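The values are calculated or read from the model by the stated rules, or taken from the named source; none is laboratory data. Treat the numbers as computed from the prediction; the structure is a model and nothing was measured. Neighbour counts run over all protein chains shown; Cβ positions are idealised from the backbone, glycine included. To get the accessible areas, we keep the full protein, side chains included, count just its heavy atoms, and leave off ligands, DNA and RNA. Shrake-Rupley method; radii C 1.70, N 1.55, O 1.52, S 1.80 Å.
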Amino acid sequence: MPCDAAAVAAAIRAAAAVITTHRDELVRLDQAIGDADHGENLERGFGFVVSSLDGEVPDNPGAVLKLVATTLISKVGGAAGPLYGTAFLRAATALGDAPVLTPESVAAALRAAVGGVVARGKAEVGDKTMVDALTPAADAAEQTAAVAGELAEVLRAAADAAEAGAESTVPLIARKGRASYLGERSVGHLDPGARSSALLLRSFADSAAGA
Amino acid sequence: MVVVSHSGRLAEGVVELARQMAPDVPLIAAGGLAGGLGTDFDAVSDAVAQAQSGAGVVLLYDLGSAKMVADLAVEMLGDPSDAVVVDAPLVEGAVAAAVAAQGGATLDAVLSAAASALTDLASDKPVDPEDGLEIVLTNAVGLHARPAALLASTLTGLDAEVTVSFSGHSANARSVLALLSLGTTGGDQVTVTATGPDATEALRRIGDLATHNFGD
Ligand SMILES: Nc1ncnc2c1ncn2[C@@H]1O[C@H](COP(=O)(O)OP(=O)(O)O)[C@@H](O)[C@H]1O
Ligand SMILES: [Mg+2]
């Protein structure tokens, strides 16, 4: 089945449901090294995304992601708003108005998304942020697309890499975001934004595999 | 100017403080989210629109994600060069920028006033008092907000480096914040020194202000 606007909208709805399921986990992670609102922020933002999609389903995947972006920017409230907002915006721009996703376009969109997060937040790999999950995910997606992997395989590779990248944040000292105020005391905790990035990518991969 | 903060009360407080010294500058607080803590992109965008008077908008922020929201709001403008997010200490930067804007400074000058707000504070570099003008502050409050602003603005257009020193500390006389941070009160004696082509005129103007009690 081609991955068109309707399929992308369905994947976004599924991701919103995953965020709701993991809301408390994300709150707990953010409680340890932040201000305990990451789960709440994302649940609110994706809740509004779902309402926007109820109103109109834009007619290509890029336009769906643009709607996600503008909604997250307006509704999330914490750092995750401008960061994920910029990520979805850049991904939307990379996709242009192509009617369906391809393995290559998804890999390129993910790369553009990571570029957006880095441009917005100035974090590098190793700073204990969502960049630690997203950067290896974009690398894995590109590698899989390059060897002619299917769309679902590209996203599965990205999700696997994002999960490993998120785990890798545990021993790190936070150097960006609110957690950086804790310095050494941030060691031993999973970064909430890295965790939510891995959750989103896993959800997208599951949607692609089921489609 | 727009003050972007996670807290509504913090943004309002910074605006209140800056407004005291810059009553004519549009200062807009964009703090909090839905009555609680957070940064509200739509509120920041509205504040930028409201602050537009044709001369440019300066945005100051408190913590990291407030900067991200401010940056995004600027990028989404029709002409992003109309507004600038400045990296500056929030309170000192807001006061310094507001005072500069009140004095009619250009966007660039307002930005550099904000950005140098911390380094402009009084230093403990001693100044040789011998060749300076000694002034006893006969007004009630010393070099407080209004007198300091008057002193700084009286030097506009002069090519001179002017320093005010008090009790072992010295301040750049063009920086209201630095003058404030000297902590003078009524009755204190300060020393004013000047170098450069317009040094004599600078000292004359300041002496004049002092004679007139800084307008009090
Ligand atoms: N400068 C940054 N660059 C990249 N990611 C960041 C940055 N600042 C914060 N983050 C991510 O955002 C997450 C926190 O999001 P959230 O709790 O929604 O925002 P806030 O910190 O404003 O409460 C962090 O776990 C981290 O992954
Ligand atoms: Mg948080």
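Can you tell me the accessible area per residue over region A:113-211, all protein chains present, probe 1.4 angstrom, in square angstrom? Show your work: numbers first, answer last.
Details: 4100 Å² over 99 residues.
That works out to 41 Å² per residue.
Number of Lys-Lys pairs in the protein assembly as shown with C-alpha atoms under 25 Å apart and a separation of 8 or more places or on different chains: 12. The calculated Kirkwood hydrodynamic radius for chain A is 16.6 Å, given to one decimal from all distinct C-alpha pairs. Against chain B, whose longest principal axis comes from its Cα atoms, helix B:90-102 is set at around 70 degrees. Evaluated over the Cα positions of the protein assembly as shown, the convex hull gives a direction-averaged projected area, one quarter of its surface, of 23.3 nm². Put a dot 7 Å past the Cα of B:A55, heading toward its Cβ, do the same for A:R175, and the two dots end up 4.1 nm apart.
For A:V100, project a label point 7 Å along Cα to C-beta. Then give me every residue of region A:1-19 with its amide nitrogen under 11 Å of that point. In region A:1-19, the label zone of A:V100 (backbone N under 11 Å from the point 7 Å along Cα→Cβ) covers A:1-5. On the principal axes of its alpha-carbon atoms, region A:128-171 has extents of 35, 12, 11 Å, going from largest to smallest. With a Förster radius of 41 Å applied to the C-beta separation of B:A34 and A:D59, the computed FRET efficiency comes to 0.80. Note that region B:72-198 shows a convex hull volume over its alpha carbon atoms of 111 Å³ per residue. At 1.4 Å probe size, with no ligands or nucleic acids counted, give the accessible surface of A:E43 in Å², nearest ten. Around 60 Å² of this residue is reachable by solvent.
Given a 1.4 Å probe and the protein chains as shown, A:S74 ends up with an accessible area of around 30 Å². Along each principal axis, taking the top coordinate minus the bottom one, the Cα set of region B:133-215 gives 32, 25, 20 Å in descending order.
Once you order the gyration tensor axes a ≥ b ≥ c over the Cα atoms, which shape class does region B:2-115 get: rounded for a/c under 1.5, otherwise prolate or oblate by comparing a/b with b/c? It comes out oblate by the Cα gyration axes.
Note on exposure: B:S81, A:S52, A:S203 ranked by accessible area (1.4 Å probe, complete protein assembly) read B:S81, A:S52, A:S203, with the most exposed listed first. Within the assembled protein chains, the solvent-accessible surface assigned to A:R90 is about 100 Å², based on a 1.4 Å probe. Compute the FRET efficiency between B:A140 and B:D108 as 1/(1 + (r/R0)^6), taking r as their Cβ-Cβ distance and R0 = 41 Å, and round to the nearest 0.05. So, using R0 = 41 Å, E works out to roughly 0.70. A Förster radius of 25 Å, combined with the Cβ-Cβ distance separating A:A14 from A:Q143, puts the computed FRET efficiency at roughly 0.50. Note on chain A: dipole from Cβ charges, positive end direction compared against A:G210, A:L172, A:L95; the farthest Cα belongs to A:L172. Direction-averaged projected area, Cα convex hull, chain B: 12.1 nm², rounded to one decimal. Under 5 Å from the amide H of A:C3 lie the amide H atoms of A:L101, each residue being 5 or more positions distant or on a separate chain, with H modelled from the backbone and absent for Pro and chain starts. Counting only protein heavy atoms and a probe of 1.4 Å, the accessible surface of chain A is 56% carbon and sulfur.
Only Cα sites of region A:5-60 enter the Debye sum here, all with the same form factor; the resulting log10 I(q)/I(0) across q = 0.22 1/Å is -0.76, listed in q order.
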